[in-house]
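The values are calculated or read from the model by the stated rules, or taken from the named source; none is laboratory data. Bear in mind the structure is a predicted one, so any value in this text is a computation, not a measurement. Here the Cβ positions follow ideal geometry from the backbone for every residue, glycine too, while neighbour counts run over all protein chains shown.
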Amino acid sequence: MTPPRRGQPGNAQHKAGDETAGLAARKAAARLLAAVIDAHTPLDGLTDNEHGHPQYKALDGRDRALVRAILVTALRHRMTIAGLLSKRLEKPLPANATALSHILNVAAAQILFLDVPDSAAVDLAVTHAKSDPRTTRFSGLVNGVLRSLARAKDSELAPALAATSEAPQWFAERLTAAYGADKASAILAAHRHEAPVDFTVKADPALWAERLGGIVLPTGTVRVEKLSANVIDLPGFADGAWWVQDTAASLPARLFGDISGQRVADLCAAPGGKTAQLILAGASVTAVDTSNNRLARLKQNLDRLSLAADLVHTDLLDYKPSQLFDAVLLDAPCSSTGTVRRHPDVPWTKTMADVEKLAALQRKLLAHAFTLVRPGGRVVFSNCSLDPIEGEELYRAFLAETPGVIDDPIRPGEFADVDPFLTSAGTLRTTPADLMLESPAISGLDGFFAARMRRAG
């Protein structure tokens, strides 16, 4: 079934300086798409309102929102768009015609999935092509291909979606190898849907589900399908009653059990959701991060929540506290392949080499984490990758090869709402194809791996 075409802020009638209405936004979208696909630049950095790409920052708020909507859509449905465009080309585009490809993809995303008039999407793409010396001779091709696409979308889009997996080959192959064809297909299908918004609340989830217009998940998280306002304008934000945190991301911090009165280190702590959980559980928390900017953001978040932690800015591998901790949480930097619903650029900005490089870093960080915990103390290792190289395989190898480390498996029933995500090895594994509820729009959770271990006494 063809997905609904969602209304988006900004439109083709909105003026952008002296240029044709809407053209600056489309030019920015194509430029940023090139940065993602050709230069493997993460989308969040490009669309940061303070430090983002100059073409993006030059736009007003409505056009920024439109650009982001176009980019997220073009990336989320990249393979379907590519297939429908290729059907309309007599021969593939030249390898050096990347600028033309990005113009076509930006327009096709609007035609197929966004609430932008087809005529506006086509006309602006043609104007864009004519304005660029690299593409001006292809303006007629742009016009013909996109008008054909607009005429055929009602009959061709649904079959194309049914026959296509929205992932580059390397990523699809890794998912199939890890989860089998059926589960990999379900994960990729989940990636087509925008993720709902999850809130970890300090208390009374039922009350906040009612106030925010959401539901309470089995994990205690409050989930809202679509926000009715900006996060900062929602009830409870100013009072520090909750914070935004995917339900999967809320699970690792709970695996310590009772930590009331214990000294706990949260490594790679920013933006601070897990830090807040540990504080609320009664621990004295030290939050460690390598980035001053990220630590500043963490402090802002804790201040809003009226919570406090000791903050340490350092290279984690150099960190040597004066006193060992009772427990350590390492939510390690990873490929982030578990967050594709929220960040559809990830499969296009990462490679298998990145996964392997990050796994090697995680192994070093995990080894160092055990130097920070007292004998008998617990370490929880987690990350938001779907790849076993960064999760299950790393964990098994670390246990086998590291003296003084004891497996501490999570037992069924120990945390009842975590049971659906437990593996036979006593580790935690979630995927976007888990937690299926009434509709795809309210279902799923980020891909996460977590394992619990102890330092030998």
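Among the residues examined, Leu329 does not qualify as surrounded by fewer than 23 Cβ atoms within 10 Å (Cβ to Cβ) and not polar (S, T, N, Q).
I want to confirm something. Restricting to region 65-100 and keeping residues that are part of a helix (DSSP H, G or I) and without any contact (Cβ under 8 Å) to a residue 40 or more places away in the chain, which single residue is surrounded by the most Cβ atoms within 10 Å (Cβ to Cβ)? This residue is Ile81.
Comparison of Gly457, Gly426, Gly447 shows that the only residue that is of a type outside the set (D, E, K, R), modelled with pLDDT of 95 or more and out of contact with any helix residue (DSSP H, G or I) (no Cβ under 8 Å at 6 or more places or on another chain) is Gly426. Counting only strands (runs of 3 or more DSSP E) wholly contained in region 351-457, the ones carrying 3 or more residues that are over 27 Å from Arg192 (Cβ atoms) and out of contact with any His (no Cβ under 9 Å at 6 or more places or on another chain) occupy 373-383, 405-407, 448-455. Return yes or no: is Leu46 at pLDDT 95 or above, within 20 Å of Lys350 (Cβ to Cβ), in contact with a Phe, Trp or Tyr (Cβ under 8 Å, 6 or more places away or on another chain) and not small (Gly, Ala, Ser)? Judged against the criteria, Leu46 is a match. Only residues that are assigned to a helix (DSSP H, G or I) and among the acidic types (Asp, Glu) were counted across region 276-299, and they come to 0.
Against the condition loosely packed, with under 15 Cβ neighbours inside 10 Å and free of Cβ contacts under 8 Å to residues at least 40 places away in the same chain, how does Leu207 come out, does it pass? It is true that Leu207 is loosely packed, with under 15 Cβ neighbours inside 10 Å and free of Cβ contacts under 8 Å to residues at least 40 places away in the same chain. Residue selection: Leu141 fails the criterion of being at pLDDT below 95, of a type outside the set (Ser, Thr, Tyr) and farther than 24 Å from Arg254 by Cβ. Quickly run through region 112-126 and pick out the residues that are closer than 12 Å to Leu23 by Cα and touching a helix residue (DSSP H, G or I) at 6+ places or on another chain (Cβ under 6 Å). Within region 112-126, Ala121, Val122, Leu124, Ala125, Val126 qualify.
Filtering region 46-64 to residues that are over 18 Å from Ala34 (Cα atoms) and of a type in the set (Lys, Arg) leaves only Arg62.
Within region 275-295, the set of residues being surrounded by fewer than 16 Cβ atoms within 10 Å (Cβ to Cβ) and either at pLDDT 95 or above or farther than 23 Å from Val244 by Cβ (or both) comprises Leu280, Gly282.
For first residues located in region 215-244 and buried (at least 20 other Cβ atoms within 10 Å of the Cβ), partners that are in a loop (DSSP other than H, G, I, E, B) and among the β-branched types (Val, Ile, Thr) and lie 6+ apart or on another chain with Cβ distances below 6 Å form the pairs Leu217/Thr247; Thr219/Thr247; Thr221/Thr247.
Right, Ile103: of a type outside the set (Phe, Trp, Tyr), touching a His at 6+ places or on another chain (Cβ under 7 Å) and either buried (at least 22 other Cβ atoms within 10 Å of the Cβ) or modelled with pLDDT of 95 or more (or both) or not? Taking the combined requirement at face value, the residue satisfies it.
Within region 166-213, the set of residues being within 21 Å of Ser250 (Cβ to Cβ) and in contact with a Leu (Cβ under 7 Å, 6 or more places away or on another chain) comprises Ile187, Val197, Phe199, Lys202, Leu212. Among the residues that make up region 391-401, is at least one of them surrounded by fewer than 20 Cβ atoms within 10 Å (Cβ to Cβ) and in contact with a Lys or Arg (Cβ under 7 Å, 6 or more places away or on another chain)? Yes, region 391-401 contains at least one residue that is surrounded by fewer than 20 Cβ atoms within 10 Å (Cβ to Cβ) and in contact with a Lys or Arg (Cβ under 7 Å, 6 or more places away or on another chain).
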